[in-house]
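Notes follow once the structure below has been shown.
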Amino acid sequence: VQLQASGGGSVQPGGSLRLSCTASGNIFSMHVMGWYRPAPGVRRDLVATVDSSGTINYAESVKGRFTLSRDNAKNTVTLEMSSLRPEDTAMYYCGLVVRPSYVAYWGRGTQVTVSS
């Protein structure tokens, strides 16, 4: 499985950015795909993910501000980030976790910087 991430950048507080990630290769039918970022004590903490059934999970800190969508035909997930805060600044990683084995695949990180 290969993950190609794009998007990110720098924005002022309150601004918006978009992240996209496309998976290719042997994509397993049962998996969770989405975005992660480092958190204190956690190398890659969940930001927003969608599973094979379409169920979406968000970190509490981003609910109401971030929206994750999935294009199954293109194996792409897109994270629309709005009302960005300085604390959203991080390297964001696209990840795909196979179920039930929990084997994880990661894309290159993409930097999001929120600063005035």
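If I ask for residues that are out of contact with any helix residue (DSSP H, G or I) (no Cβ under 8 Å at 6 or more places or on another chain) and part of a strand (DSSP E or B), which ones from region 74-92 would you list?
Answer for region 74-92, where residues must be out of contact with any helix residue (DSSP H, G or I) (no Cβ under 8 Å at 6 or more places or on another chain) and part of a strand (DSSP E or B): T76, V77, T78, L79, E80, A90, M91, Y92.
Can you tell me which residue among G95, G34, G107 is surrounded by 17 or more Cβ atoms within 10 Å (Cβ to Cβ), over 14 Å from S16 (Cα atoms) and in contact with a Lys or Arg (Cβ under 8 Å, 6 or more places away or on another chain)?
That would be G95, the only listed residue that is surrounded by 17 or more Cβ atoms within 10 Å (Cβ to Cβ), over 14 Å from S16 (Cα atoms) and in contact with a Lys or Arg (Cβ under 8 Å, 6 or more places away or on another chain).
Name, by its number, the condition in (1) without any contact (Cβ under 8 Å) to a residue 24 or more places away in the chain; (2) in a strand (DSSP E or B); (3) over 10 Å from the mean Cα position of the chain (by Cα) that does not hold for G54.
Just one mismatch for G54, condition (2).
Restricting to region 16-27, name every residue that is farther than 15 Å from S69 by Cβ and exposed (fewer than 15 other Cβ atoms within 10 Å of the Cβ).
Once the filter is applied, which keeps residues that are farther than 15 Å from S69 by Cβ and exposed (fewer than 15 other Cβ atoms within 10 Å of the Cβ), region 16-27 yields S24, G25, N26.
I'd like the full set of residues that are over 20 Å from A73 (Cα atoms) and small (G, A, S), limited to region 13-47. Walk me through it before giving the result.
Let us first name the residues in region 13-47 that are over 20 Å from A73 (Cα atoms), namely 13-17, 36-47.
Within region 13-47, G14, G15, S16, A39, G41 qualify.
Between a first residue in region 100-116 that is free of Cβ contacts under 8 Å to residues at least 24 places away in the same chain and a second residue that is surrounded by 15 or more Cβ atoms within 10 Å (Cβ to Cβ), which pairs have beta carbons less than 8 Å apart while being 6 or more apart in sequence or on different chains?
V103/V97; A104/G95; A104/L96; A104/V97; A104/V98
Every number in this text was worked out from the coordinates using simple rules, so none of it is lab data. A quick note: this is a predicted structure, and the numbers were derived from the prediction, not measured. All Cβ positions, even for glycine, are placed from backbone atoms using ideal geometry, and neighbour counts span all protein chains on display.
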